[in-house]
Each structure stands twice: as structure tokens, then as C-alpha cells.
Amino acid sequence: MTALTAGAVPAGRRHPVPWRSMARATWRQQRAALIPLLAVSAGLALAAVAGELAIRSDYARYASGCVPRFIHASCGAIANTFAASTDGFTALVIALHVLPVLIGVFVGAPLIARELESGTFRFTWTQEIGRTRYVLTTVTLLAVVVAAVTCALGALLGWYAHPFDVVGVESRWQAGLFDATALTLPAWTLFALAAGTVLGTLTGRIVPAMATTAATAGGFLVAAFWTLDRHLLSLGALPARATAAGGVSVGSLNTNSGPGFGPAGSWLVRGWITGPGGRELSAAMAGTVQNRMYAAMTRAGKKAADPAAWLSAHHYGYWLSYQPAGRFWYFQAVAAAVLVALAIVFALTTVWLIRRRG
Amino acid sequence: MNVIETSGLGKRYRGTWGLRDCTLSVPAGHIVALVGPNGAGKTTLLHCSVGLATPTTGHVSVLGGLAAGSLDALERVAFVAQDAPLPPYLPVAAMLDLSQDLNRRFDRRHAVDRLRALAIPLPRKVGKLSGGQHAQLALALALARHPDLLVLDEPLARLDPLARHDFLAHVMTAVAENGLSVVFSSHVISELERVADYLVVLSDGRVQMAGMIDDLLAQHQLLTGPAEQAARISELFPVVQAREAGRHAELLVRAAEPAGPPSGWEASGVTLEELVLAYLRDPSVSVLPGPSALPARTRHEVTS
């Protein structure tokens, strides 16, 4: 090489990543997917705000008269109103679970697959930016945008859900709300986006990439509902002797606490009965004890119906294992961290596949 | 400086070699035509030199030693792939914006002037352009990066004769203005001579012939004479192609030194098309300047 041409472009110097121009380039190429996504997100946000405004006055009456003690005569009626008005809320929760999958299918899957299928990678990957930086910056920028949008939606849903949680109609611990908070919703979205990107890179074709992404992200979400969330929330549950004032349930509970049933705001994992010696009764034994207890209470009549008194009189103990309210965000962080770690693995795999392609 | 330099370059795709043992030095300052039959490895060679394909064996560097596909190389090499794939849903103006965002050196004014001169409307979507306009847009985007090396893969394949003429004129204007080197592959042999001054013939994944077109033409002759003397002539000159018609034989020979024809024979010059076709017809012809001469020359250039 002659000194003249070498002087213009010194070899081996650093090439800074042009974030600003890459943001413009990403927007230019992805806006067909991003504009509908932002419109849908805005619609969901409006639905959350409208829903919260609709229950606001009822909740204010409940909060002033029924918290912390459920004494007011009208409390039951208000709680029933809440229980009857969860349709729109449930629809929103479902929509917020579909959203990450849609982002994976319509933003993630075509991201690389479209370039590979149409051949435009031969244009974009031979520009000055270089293919690694092009793909890495595009994926990073999209990840930031979808994470920000879904984080905001998760926060809005949490705000809308709070009255239902306080009244006890819904629980933030329940699979459903648990996967759509300001932490887990963006984590699910990043997971689906990265899964779509890597599957698009692997298949190199749009339609198979979209189908496999829907199956992967949707399947994993269903698995979380079915069993994964339950297993996560049983880790390190605290045992505590319970009053049994609100009733006696044994075995797997997976339910939120209620008045007289478990520590306030906690997530109940399991219940069991101990015998006079302090040892846990088998399921069959516990069932027998429960039957005797309910039979005795029925004989005693409604006023004397206190399961706790009957149990202690017969030297039985009722125990619950639970996750205290204070651990909620800890478990949120764990679930989000697992999903984001998987997303990072997918993203790095994408970059690796793209670097070695050719 | 060599704009493309390969040594022992090979590329295997799922068990079949797209390019094999390719050793080649393309000097700077030329318009280089890369010709060869389908499947000869033209696209593979070009993809290797712009970093889209990773060699299975050997090495490829561009612009005097930059690793093909490295950031330093991408900054100075522009590539237009076969059929010039561009996002069809973007308007031409957005393609200019995109190129500007992906290239620091992108000269937008240069591209806009060129597109205006070609009457390509900036608001029109890329997918709505004619084949000629599409190719011209891809070329304008590539040239606006002011590359030192422009690589074009089959740029003429889908163009009608008029569009071909305009496209080549655009390339030649850029070469005259900026002195860049151009390497392009083509099936169209008849138009090469007007544009290219350097020729590389690839056949079956190997370099069969490479050199300045003027030199190659000067080194070959068409000898016509009595058929019964053809065998004697083949001992004097390496024969690229022999044809017999009745009592007359027509031999395309390589004569390193311009010499008078043997007595009883008539010598005439060959056209580029005749020469290329003769070599392509018989890929086994290893007449100089074939691949056997190239490694020595490459080594010489590297050590000097």
C-alpha cells in the first residue's frame, strides 16, 4: 500500500459505534413493526388508566372504611363489586401476556430472517458499519425500546391491580399478574424478542421463524403458568404456625392470604396439620382430622364455629408455609433475571451465528 | 498495490468446492472483468473479497493487505451484490438516509446529483423502480461512499442493452473522476472490451487466465493454414483451440513473442470474445498465463 492512501485511513485504529445514526437506521427499517406495536401499547395503557379510574371511587371508600380492619357493614358489598368487575382487568392481563409473544413474532423473528431471506444482508453487512456492529446495535436499540414500553405497561398494570390486590380479589403473586409487572413483563418481552432474533437467524426464513418463535415464547409462557411460577414461589418458603381462624386447608395451596388466613400480603405455598406430638400428619390423617373438626363445628352450630379452638382443644396444630409480602420483589427480580439471562444467551448466539456466517 | 490478492483461496459449501486453490493478484487502477461459466466460483470469489464469505482454505486481502471484511476494509470497499438486493419497502430517499447512517464517508450530494441526472424520483419506493433504475440506485449508493475498490457481482445480468450502456457509462465516469479500481463479474463477454482493461477467467473454481487485456490479445494469434501441418505447428506454439475445416486448420495459439507466421500460414489477431470463448470451451487448457504462472509472480510481488 502506498503511504498516500495509508495516511487517509490508518489501519488498526478504533471504530466508534455510531449509536445515534444506528438509532435512525433501526427506526427507518423497523418502523413498520414498531408503529403498530407502539399503537397497541398506547391502547393497552389507555385501557389500564380507564379501568383504574372506573374503580377509583369504590376503592377510596373501601380503603377508608375497610383497611386495615374489615369491619364496616358495606365492606362485603364493595368487595363483591370488585369481584364482579374483573372482566376488563382479566382481559388486560391476558393482552399483556400476548404482547411479549407478539413482539417476539413480529419484531424479533423477521429482524434477521427478512435480511437473509431477501438477500438485503449483502447490502447492510457490507457497509462501513460492519455486520457485527450493525446487528448488535440494532438488537440492542430494539431491546431498549420494547423493554421501556413494556416496563411502563407493567407499572401501569400494577397500579390498576393494586385495589384488586388489597381487596383480595386478585393477587400480584398469582401466575398472571406475577408475569406482567414492571420487572417481569419487560423480561418476558426481551426473552421473546431475543428468541425470535436467534430463530430468525437460524432458519433464515420469515414464516418458519415466526412460527417457531410463537411456539417457543408461547410455550415457555404457558409452562411458567402451569408449573414454573409455582416451583419458583415454593423456594425457601417460611413455615409458621397459623391461627386457622379463616379455615383449614392442607396440601398445596398456591393462593394469596386472606382475612384470618396467613400473614397479610403473603403468598401461601402449603398447609398441613401437626399431631399432638408435633409431627406432621399424613394426608389421609389430616383429612380425617378435618372431617372430625367440621362435623364437630356443624354440631356446635354457627356461633361456636372456630376451627382454631377445636384444633388446640384436641392438641392439633395448623401450619402454613408462605412467602412474606416483603419477598415479592425479590422473587420478581429472580424471575426477571432468569428471563433476561436467557435473552442475553440468545442475543450472543445470534451475534456468533452472524459472525461465522459465510 | 493489489486491490485483491488471494493465495490458495478455497471455499467449500456443504461438501462441494465453490472455489479451489485460487491464487490471484489484481493490481490497482484497473477495471477488472471476472468471467467464467455458471458455477465457476465468480460470486464466491467476490463474496470472499468483501467479507460475505469466509474462506475454507487460504487467504484473501484487499487494498494492499487489509483483511477482507474487516472494518478497515469495509470502509474502503463498496459492493453491489447480484440483483442488488435493497429493502423494497423503503423510498429511494430513505435508502440515502440509511446509507448515510451506515457509512461515515457517505457523500449524499454526490448520490442525489447522480439520481437526479438519471431522473430517479427520490420519493419512489425501491420496489417500484425499473430494473435499470434499481441497478443504478445500488451503484449510486456504492459510489457515494467514495470507495477505493468497487466490487460488482453480475451488474449487467438483468439489464436491457440501453440500461447496460448507461450503467457502464456511470461506472466509467466514476473511474475517470476518482481513479477507483473496479472488479466486476459478468456473463456478457461482448461488452467487456469497451469497459475492462484487465481480465480474469475463472473456470471450475480455479483461475484459468489473468492479465491485462491488451497483453492477452497481443500474446495470442489465430493461425490459418494447411490441416496436415497442424501437428507441426502445435509443437512450435501452445495451442488453445484447434479447428479443422476440410484441408484448412485454424489454430488459436499463444505466441509469447510477436513473430511472423510459419511459411504457408496466415496470422491474424483475435478478438477478446474469441479468446475468452476458446479458454472457456476447454477448462483443461493450462496455457500461459494460466494458474501455473501466477504463484511465482505473486511471490515475486510480495517479496519486492
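Out of the residues in the stretch B:57-89 that are at positive phi and either outside any strand (DSSP E or B) or touching a residue at least 60 places away in the same chain (Cβ under 8 Å) (or both), which is nearest to the other protein chains (Cβ to nearest Cβ)?
Within the stretch B:57-89, the match that is nearest to the other protein chains (Cβ to nearest Cβ) is B:Gly64.
Of all residues in the stretch B:233-248, which are surrounded by fewer than 15 Cβ atoms within 10 Å (Cβ to Cβ) and free of Cβ contacts under 8 Å to residues at least 24 places away in the same chain?
B:Ser234, B:Glu235, B:Arg243, B:Glu244, B:Ala245, B:Gly246, B:Arg247
Quick check on the stretch B:40-56: of everything there that is more than 10 Å from every other protein chain (Cβ to nearest Cβ) and part of a loop (DSSP other than H, G, I, E, B), which residue is farthest from B:Val183 (Cα to Cα)?
Ranking the candidates gives B:Thr56 first.
Could you look through the stretch A:35-68, keep only residues that are crowded, with 18+ Cβ neighbours inside 10 Å and over 22 Å from the mean Cα position of the chain (by Cα), and pick out the one that is nearest to the other protein chains (Cβ to nearest Cβ)?
Checking each candidate, the answer is A:Ile55.
Would you list the strands (runs of 3 or more DSSP E) that sit entirely within the stretch A:241-358 and hold 3 or more residues that are free of Cβ contacts under 8 Å to residues at least 60 places away in the same chain, crowded, with 17+ Cβ neighbours inside 10 Å and in contact with a helix residue (DSSP H, G or I) (Cβ under 8 Å, 6 or more places away or on another chain)?
Those strands (runs of 3 or more DSSP E) span A:267-274.
Kindly provide the set of residues from the stretch A:100-155 that are under 22 Å from B:Glu75 (Cβ atoms), charged (D, E, K, R) and in a helix (DSSP H, G or I), ordered by number.
Answer for the stretch A:100-155, where residues must be under 22 Å from B:Glu75 (Cβ atoms), charged (D, E, K, R) and in a helix (DSSP H, G or I): A:Glu115, A:Arg122, A:Arg131, A:Arg133.
Tell me whether the stretch B:99-107 contains one or more residues that are away from chain A (no Cβ under 12 Å) and either under 22 Å from B:Ala169 (Cβ atoms) or assigned to a loop (DSSP other than H, G, I, E, B) (or both).
Yes, some residue in the stretch B:99-107 is away from chain A (no Cβ under 12 Å) and either under 22 Å from B:Ala169 (Cβ atoms) or assigned to a loop (DSSP other than H, G, I, E, B) (or both).
Kindly indicate whether B:Ala28 is within 13 Å of chain A (Cβ to nearest Cβ), modelled with pLDDT under 95 and either more than 22 Å from B:Gly211 (Cα to Cα) or crowded, with 24+ Cβ neighbours inside 10 Å (or both).
no
Given the criterion closer than 20 Å to A:Glu115 by Cα and assigned to a helix (DSSP H, G or I), identify the matching residue among B:Leu115, B:Leu141.
Matching residue, one of B:Leu115, B:Leu141: B:Leu141.
Would you mind finding the one in A:Thr212, A:Thr255 that is β-branched (Val, Ile, Thr), within 18 Å of the chain's Cα centre (by Cα) and either outside the structural domain of A:Ala180 (by TED's automatic domain parsing) or under 30 Å from A:Leu185 (Cβ atoms) (or both)?
Checking each option against the conditions leaves just A:Thr255.
Given (1) in contact (Cβ under 8 Å) with a residue 12 or more places away in the chain; (2) crowded, with 21+ Cβ neighbours inside 10 Å, where does B:Asp101 come up short, assuming only one miss?
Result: B:Asp101 passes all but (1).
Restricting to the stretch B:235-279, name every residue that is part of a loop (DSSP other than H, G, I, E, B) and under 10 Å from B:Gln221 (Cβ atoms).
B:Phe237, B:Ala255, B:Pro258, B:Ala259, B:Pro261, B:Trp265, B:Gly269, B:Val270
Kindly evaluate B:Thr44 against the criterion of being crowded, with 18+ Cβ neighbours inside 10 Å and either polar (S, T, N, Q) or at positive phi (or both).
yes
The values are calculated or read from the model by the stated rules, or taken from the named source; none is laboratory data. Since this is a predicted model, take the numbers as computed values, not measurements. Counting neighbours? That spans all protein chains shown, and the Cβs are built from the backbone with ideal geometry, glycine included.
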